Amino acid sequence: MTRRNLVVATALVLIAVALSYWGKPSAAGFQTAIVTRGPMTQAVTATGTLNPVVNVQVGSQVSGIIQKLFADFNSNVKAGQTVAQIDPAIFQAQVTQAEGDLANAQASLELARLNAARTQSLFAKQNSAQADVDQAQASLRGAEATVKIKEGALERARTDLERCTITSPIDGTVISRSVDVGQTVAASLAAPVIFTIANDLTKMQIDANVAEADVGVVAVDQNVDFTVDAFPNRTFQGKVVQVRNAPITVQNVVTYDTVIGVSNPELKLKPGMTANVSIVIAHKDEVVKIANAALRYRPPESSSSGARPSSPSAPARAGRRSGGRAGGQTPGEHRSERTVYVLKRGTPEPVQIKTGVSDGIATEVTEGLQEGDVVVTAQFGGERGAASPPPPNPFSGGRRF
């Protein structure tokens, strides 16, 4: 046999093998999961920021140069303690000027009183006209009013002088200092912030943004687990203390501020940390549960393993769309009928079940299945429309003819 004939014969054999492979239907196979029993926790997940419960910004109502600072970052301060001093020279001069203006007004008042008394005496002796008496009385009233104006100006000047000494309004810890000695603060339009003081860092709160789709299942006193990037291997605990009604809209996404109370006795948690929050909606210790993939599986239309449901419901979604709520239901109301396929004697058979809570990976089964049942989660090969790996190319790596 010549070399050319040998090559042609080999090619014909390979083509025959390929045709026989393609013409033979592949055996159907199923990916399965076993129904198990164990704990189940449904939670809503969100992110938030750690903040002190009471956070006070200490500013200045007067403008001037910072003369002294008596507190710094992380300083512990008491209510009424002096934390900063603004140069009081200008304000002291204003007090002195106001005192002089008041003394001048008081002298004018004494003169007006004497003139009024003298005019009244002359009028009694018919040596003065009624108009003179009226004029003297008007001058006396004007002098009294001027004294009150000057007293108010003096009180204001003294108040401004007192405000040069800035004190802490609460007991707490300084977490921010915004000025340095010699810096000028201007209080013309808004009070400049000099210090930020947290009342008690052992008690903090998380302001978490919960999506509108999940806020319906969040309630006060629910337990919360959360982590922070600074301690990735540690889980902290808290409780929901408030769900605020004011919506927060960012790029058409609506969230609601959920306040979570946190105990921080070791002072490990610091203001501004990002918290990954998991709000526990429901927890059960021993439930029969099924993989969520089994709820999504539907056989091909040509399958003889049973009738396909006309309108299968969407899979339970307790994982996070922005949170972990299962398909629009509230705790205690997770009762929906679903269809899954149990593998019996190599054939998937439809079974109606009732589901409960879900954690995004598995779903509770309240009726219809038992522990140890085998359910179908995927199918490959053998059925029209089912996934099947392509056959190998018999010509790969060889010559083509």
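Here, each number is a calculation from the coordinates, and none is a lab measurement. Given the structure is predicted, the values throughout are model-derived calculations rather than measurements. Reconstructed Cβ throughout: ideal geometry from the backbone, glycine too, with neighbour counts over all protein chains shown.
Structure notes:
- Of LYS78/LYS270; LYS78/LYS239; LYS125/LYS148, those spanning more than 24 Å from alpha-carbon to alpha-carbon: LYS78/LYS239; LYS125/LYS148
- Order by protection proxy (mean Cβ within 10 Å, highest first), peptides 58-67, 366-375: 58-67, 366-375
- Square roots of 5 times each gyration tensor eigenvalue, C-alpha, region 130-229, largest first, Å: 56, 23, 13
- Computed from point charges on the beta carbon alone (+1 for Lys and Arg, -1 for Asp and Glu), the dipole magnitude for region 38-136 about its Cα centre is near 200 Debye.
- Whole-percent pair-distance distribution, where bins are 5 Å wide, for the alpha carbons of region 100-141: 5, 28, 25, 18, 12, 7, 4, 1
- Per DSSP, loop chymotrypsin sites (Phe, Trp or Tyr not before Pro) in region 58-98 with at most 12 further Cβ within 10 Å: PHE73
- In this simple spin-label model, placing a label point 7 Å from the Cα along the Cα-to-Cβ direction at both ILE34 and ASN74 gives a separation of 5.4 nm.
- ³J(HN,Hα) computed for each position of region 214-230 - Karplus, 6.51 cos²θ - 1.76 cosθ + 1.60, integer Hz, glycine/proline x: 10, 5, x, 9, 8, 9, 5, 6, 6, 6, 9, 10, 8, 10, 10, 5, 5
- If you plug the beta carbon distance of VAL280 and GLN352 into 1/(1 + (r/R0)^6) with R0 = 25 Å, you get a FRET efficiency near 0.25.
- Environment charge of ILE65, counting only residues whose C-beta is closer than 12 Å and scoring Lys/Arg +1, Asp/Glu -1: -1
- Full-stretch length increase - VAL53, ALA138 - with 0.36 nm per residue and alpha-carbon distance subtracted: 24.8 nm
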